[in-house]
1. Select from the stretch 174-222 the residues that are basic (Lys, Arg) and surrounded by 14 or more Cβ atoms within 10 Å (Cβ to Cβ) and write down the one among them that is farthest from residue 36 (Cα to Cα).
2. So the check is Cβ under 9 Å with 6+ separation or different chains; which pairs have a first residue in the stretch 226-242 that's surrounded by 11 or more Cβ atoms within 10 Å (Cβ to Cβ) and modelled with pLDDT of 95 or more and a second one that's in a strand (DSSP E or B) and of a type in the set (Ser, Thr, Tyr)?
3. How many residues are among the charged types (D, E, K, R) and assigned to a helix (DSSP H, G or I) if we restrict to the stretch 111-133?
4. Of these, 205, 180, 222, 201, which one is under 30 Å from residue 121 (Cα atoms) and part of a helix (DSSP H, G or I)?
5. Any residue in the stretch 40-51 that's closer than 18 Å to residue 28 by Cα: show its pairings with residues that are among the charged types (D, E, K, R) and surrounded by 18 or more Cβ atoms within 10 Å (Cβ to Cβ) at Cβ separation under 9 Å, as long as the two are six or more apart or on different chains.
6. Within the stretch 213-237, how many residues are more than 13 Å from the ligand (Cβ to nearest atom) and touching a His at 6+ places or on another chain (Cβ under 8 Å)?
7. Among the numbered criteria (1) within 16 Å of the ligand (Cβ to nearest atom); (2) without any contact (Cβ under 8 Å) to a residue 60 or more places away in the chain, which one does residue 75 miss?
Amino acid sequence: MAGRRVAVVTGASSGMGRAAAVHLAAEGYRVFAATRFPDRLADVASKNLTPLLIDLRDDADVRAALESIERLDLLVNNAGYGLVGAVEYVDETLMREQFEVNVFGLLRVTRAAIPKMRENGGVIVNISSFLGKIGLPLLTFYNATKYAVEGITDSLRYELSPFHIRVHSILPGFFDTEFARSNLVKEPRTFESDSPYAVLASTLAPRIVEEINGGNDPEEVARLIAWIDQNPDAPARMTAGEKAKKFIPMRRELSDEDFERRVREYYGFA
Ligand SMILES: NC(=O)c1ccc[n+]([C@@H]2O[C@H](COP(=O)([O-])OP(=O)(O)OC[C@H]3O[C@@H](n4cnc5c(N)ncnc54)[C@H](OP(=O)(O)O)[C@@H]3O)[C@@H](O)[C@H]2O)c1
């Protein structure tokens, strides 16, 4: 690795983003920790870690923030949240907001970053999810955004390889972060007791929340990001955490129908 690497990590105020920013700074990277809440990073700010205010929804804001950085070697597209709701009840606002952050926000930061990386090469790591390859009920919109992130990764790998920019995705399983504790958005009608989805909502949603809150340590993802950056032959797509390591190989090996049967059994779906 020539010189000190400069990294931008989005969604850096908590969870995997925070762990990645702190880990990379400890490894000697110059880290810009992009967040809506720079104050939340005050306790870890240092000469290696600078909080950077970014609103992913605002293209001018994203461009101005990236413009303030002299060069960029590693971009970690991590910001994202989950929306739980039945497709028939999720309204335009909730639906669009989910894509606004998880997909268009990621694309905004990426397109502002590419010109900064094109001259010297670089690495982009997209934090997707094992739910970027596996669907679950009431998570259709979240699934759709993460499947989109997988598609973006695949396309960009071709588009940017002539400029020595590597694009990777990490598919985490369930990790103990603020994802389910503070940032999960629930469509209210889905969860009402007379909703046609009430049984599913009252069994699956709490189970998944429990699995996330009892999930793996985000430090695992932080270490994997650094490893991918430092290993030019790193696989395009990597899993992290127990659930992804269990389900992603199964998804690859089984037919759609057999895989669906396994998931139905596992979660007890009708
Ligand atoms: N936890 C899991 O089990 C899990 C599993 C698979 C994939 N993932 C993915 O991993 C990534 C990191 O999530 P995490 O688990 O570390 O959760 P987290 O602790 O909630 O962190 C996610 C970060 O994304 C940003 N964010 C969240 N909601 C947002 C919104 N409505 N608008 C704009 N930014 C928002 C926030 O960044 P700022 O507050 O700094 O702006 C937040 O700190 C996400 O892309 C998530 O989808 C998580």
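The values are calculated or read from the model by the stated rules, or taken from the named source; none is laboratory data. Not measured: the values here are computed from a predicted model. A quick note on method: Cβ atoms are made from the backbone with ideal geometry, for glycine too, and the neighbour counts reach across all protein chains shown.
1. For the stretch 174-222, the residue satisfying everything is 189.
2. 236/169; 237/169; 238/169
3. 2
4. Details: 205 fails: under 30 Å from residue 121 (Cα atoms); 180 fails: under 30 Å from residue 121 (Cα atoms); 201 fails: under 30 Å from residue 121 (Cα atoms).
Going through 205, 180, 222, 201 in turn, just one is under 30 Å from residue 121 (Cα atoms) and part of a helix (DSSP H, G or I): 222.
5. 41/18; 44/18; 47/30; 48/30; 49/30; 50/30
6. Number of matching residues: 7.
7. Unmet for residue 75, out of (1) within 16 Å of the ligand (Cβ to nearest atom); (2) without any contact (Cβ under 8 Å) to a residue 60 or more places away in the chain: (2).
Every residue, every condition in (1) polar (S, T, N, Q); (2) over 17 Å from residue 80 (Cα atoms), yes or no:
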{"site": "144", "(1), (2)": "no, no"}
{"site": "161", "(1), (2)": "yes, yes"}
{"site": "176", "(1), (2)": "no, no"}
{"site": "190", "(1), (2)": "yes, yes"}
{"site": "195", "(1), (2)": "yes, yes"}
{"site": "202", "(1), (2)": "yes, yes"}
{"site": "207", "(1), (2)": "no, yes"}
{"site": "212", "(1), (2)": "no, no"}
{"site": "216", "(1), (2)": "yes, yes"}
